[in-house]
Amino acid sequence: AKRTVTITLSGTSAANKVVTVVIGDKVAQVETKTGTVAAADVAAALKTAIDALDIPFVASVASAVVTLTAKDKGAAANDIAVTGYTTDSTQTVTVANGTSGSDVVLNPGWFARSTAEAANDLVIVDLG
């Protein structure tokens, strides 16, 4: 399985405020320059900022939620810390872990011996 993390923004952001997301040792920031900005617009800008980072995640956005999905299956991305915060008291940033990455074979019963092969051959089905 691939690790997922959601970053949910709520409320509107006022002018001259900064939303920051830290992924491992990489930082993505969005600054609202003027007026008030809806959470969905800040999330879209945050996705663009995250896309510019060299990280082992792919970002997607839906409404006011940015989802990070590990580029590769496995537990390696589980140890990467993801945090978020804002300088705006009228907006919140919530980071939540979704699926953990996993290298585990979920159903070893899917391994099967082929009757057409020699007794020492093993056919492995990768459900990956």
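Could you pull the Rg and Dmax for the stretch 2-78, using just the Cα atoms, both in Å?
Rg and Dmax of the stretch 2-78, Cα atoms, are 12.8, 43 Å.
Less than 17 Å from a label point 7 Å out along the Cα-to-Cβ axis of Asp25: which backbone N atoms in the stretch 82-103 qualify, by residue?
Residues passing the 17 Å test: 82-83.
Ordering Ser102, Ser89, Ser60 by accessible area with a probe of 1.4 Å, largest first, what comes out? Show your work: numbers first, answer last.
Numbers: Ser102 35, Ser89 115, Ser60 55 Å².
From most accessible down to least: Ser89, Ser60, Ser102.
Mind checking the stretch 1-60 for trypsin sites (Lys or Arg not before Pro) that DSSP puts in a loop (not H, G, I, E or B) and that have at most 14 other Cβ atoms within 10 Å?
Working: sites: Lys2, Arg3, Lys17, Lys26, Lys33, Lys47; in loops: Lys2, Arg3, Lys33.
Qualifying residues, ordered by number: Lys33.
For the stretch 80-95, what does the Karplus curve 6.51 cos²θ - 1.76 cosθ + 1.60, with θ = phi - 60°, yield as ³J(HN,Hα) per residue in whole Hz, taken in order and with x for Gly and Pro?
Ordered by residue, 3J(HN,Hα) equals 8, 6, 10, 10, x, 7, 9, 8, 9, 6, 9, 10, 10, 10, 10, 9 Hz.
List nothing, just return the count: lysine pairs in the stretch 1-90, 8 or more apart or interchain, with Cα separation under 24 Å.
Final tally of qualifying lysine pairs is 13.
Note down the net charge around Leu9, summing +1 for each Lys or Arg and -1 for each Asp or Glu among other residues with Cβ under 12 Å from its Cβ.
In short, 0.
Gain in length, Thr34 to Asn97, computed as 0.36 nm per residue apart minus the alpha-carbon separation, to one decimal in nm?
Going from the current span to full extension adds 19.5 nm.
If you add up the charges near Thr69, with Lys and Arg at +1 and Asp and Glu at -1, over every other residue whose beta carbon is less than 14 angstrom from its beta carbon, what do you get?
So the environment of Thr69 carries a net charge of +3.
Karplus couplings for the stretch 14-26 from phi (6.51 cos²θ - 1.76 cosθ + 1.60, θ = phi - 60°), rounded to Hz, Gly and Pro as x?
7, 5, 6, 10, 10, 9, 10, 10, 10, 10, x, 10, 9
The values are calculated or read from the model by the stated rules, or taken from the named source; none is laboratory data. Every value quoted in this text rests on a predicted model; they were computed, and no experiment measured them. FYI the Cβ positions are ideal-geometry reconstructions off the backbone, even for glycines, and counts take in every protein chain you see. For accessibility, only protein heavy atoms count, side chains too; no ligands or nucleic acids. Shrake-Rupley method; radii C 1.70, N 1.55, O 1.52, S 1.80 Å.
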